[in-house]
Every structure is written in structure tokens, then in C-alpha cells.
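Q: There's a structure below that I have some questions on.
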Amino acid sequence: MTLKTRSGVKKRVKVTGTGKIKLWKAWKRHLLMNKSKKAKGRNKYGLIVSASEVKKIKRQLPHI
């Protein structure tokens, strides 16, 4: 039986060149006028997933 990739995870996760897993942060989609410059700046870049979460994500992405 073939292993299937979780499509929800596939859309939300990116694997970096060194093999780390990167996500985008929340709260940067809409209603940005009400948020401070500081709050928007904190969400500017992605987030490297912690080692404890990597195992769960890699189980859902068998082909990486």
C-alpha cells in the first residue's frame, strides 16, 4: 500500500535546504490596520519548527 502525504501539511510546511521544517506565522492575513508595526514585524518571517514537533510532521510527509 502506498503512503499518502497529508495534503493540509503539504500546503503549510516548507522544508529548507538543510532539512529543517519551516512554517509561516499566524495573524498576518487581514485587519492589519489595527495591529501595531511591532506586532506585524514579529510575524514577518517564518518559524523553524522545534525538534519535538518535527517527528510528527515528518510522519505526515513520508516523501521528504
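Q: Does region 36-51 contain any residue that is polar (S, T, N, Q), surrounded by fewer than 10 Cβ atoms within 10 Å (Cβ to Cβ), under 15 Å from the mean Cα position of the chain (by Cα) and not in a helix (DSSP H, G or I)?
A: To start, the set of residues in region 36-51 that are polar (S, T, N, Q) comprises 36, 43, 50.
In the following step, the residues that additionally are surrounded by fewer than 10 Cβ atoms within 10 Å (Cβ to Cβ) were identified as 36, 50.
Applying the additional criterion that residues be under 15 Å from the mean Cα position of the chain (by Cα) yields 50.
Checking which are not in a helix (DSSP H, G or I) leaves us with 50.
Yes, region 36-51 contains a residue that is polar (S, T, N, Q), surrounded by fewer than 10 Cβ atoms within 10 Å (Cβ to Cβ), under 15 Å from the mean Cα position of the chain (by Cα) and not in a helix (DSSP H, G or I).
Q: Among the residues of region 1-21, is any surrounded by 10 or more Cβ atoms within 10 Å (Cβ to Cβ), assigned to a strand (DSSP E or B) and not aliphatic (A, V, I, L, M)?
A: Start the filter on region 1-21 by keeping residues that are surrounded by 10 or more Cβ atoms within 10 Å (Cβ to Cβ), which leaves 5-6, 9-10, 12-16, 20-21.
Remaining after also requiring assigned to a strand (DSSP E or B): 13-15, 21.
Applying the additional criterion that residues be not aliphatic (A, V, I, L, M) yields 14.
Scanning region 1-21, I find at least one residue that is surrounded by 10 or more Cβ atoms within 10 Å (Cβ to Cβ), assigned to a strand (DSSP E or B) and not aliphatic (A, V, I, L, M), so the answer is yes.
Q: It is to be established whether one or more residues within region 20-29 are hydrophobic (A, V, I, L, M, F, W, C) and over 11 Å from the mean Cα position of the chain (by Cα). Before the answer, list the steps.
A: Of region 20-29, the ones hydrophobic (A, V, I, L, M, F, W, C) are 21, 23-24, 26-27.
This time we only want the ones that are over 11 Å from the mean Cα position of the chain (by Cα), so: 27.
Yes.
Each reported figure results from applying straightforward, stated rules to the coordinates on display, with no laboratory input. Computed from a predicted structure; not experimentally measured. Note: ideal-geometry Cβ built from the backbone for every residue, glycine included; neighbour counts use all protein chains shown.
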